[in-house]
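Data block below; observations after.
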Amino acid sequence: METAPEFRQSSFCASGSCVQVAVLANGRVAMRDGKNPAAPAQQYPPAGWVSFTALVKADGLGQVSDFRRW
């Protein structure tokens, strides 16, 4: 029997409506919306997750308004 992944969120998230992440048994990273945890989680390969978090840490994603052009 497969166990449910343990989703975690930032300790700064007081409202519970933050992004939640979990490492799955197959090594992929699952991400879901904390406001709707019953919805399917998006899954990413480890290398993709590492690249994404490196961009976030380096502030390489720009302003939220910049996402409209993507």
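The values are calculated or read from the model by the stated rules, or taken from the named source; none is laboratory data. Since the structure is predicted, the reported quantities are computational estimates derived from the model, not experimental observations. Methodologically, a virtual Cβ is constructed for each residue, glycine included, from the backbone with ideal geometry; neighbour enumeration extends over all protein chains shown.
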Determine which single condition Arg69 fails, assuming it passes every other condition in (1) at pLDDT 80 or above; (2) basic (Lys, Arg); (3) out of contact with any strand residue (DSSP E or B) (no Cβ under 8 Å at 6 or more places or on another chain).
-> (1)
Checked the range 16-48 for anything within 10 Å of Pro5 (Cβ to Cβ) and either in contact with a Cys (Cβ under 6 Å, 6 or more places away or on another chain) or of a type in the set (A, V, I, L, M, F, W, C) (or both); matches are Val21, Ala22, Val23, Leu24, Ala25, Val29, Ala30, Ala41
Quickly run through the range 1-49 and pick out the residues that are under 12 Å from the mean Cα position of the chain (by Cα), assigned to a loop (DSSP other than H, G, I, E, B) and hydrophobic (A, V, I, L, M, F, W, C).
-> Phe7, Cys18, Ala41
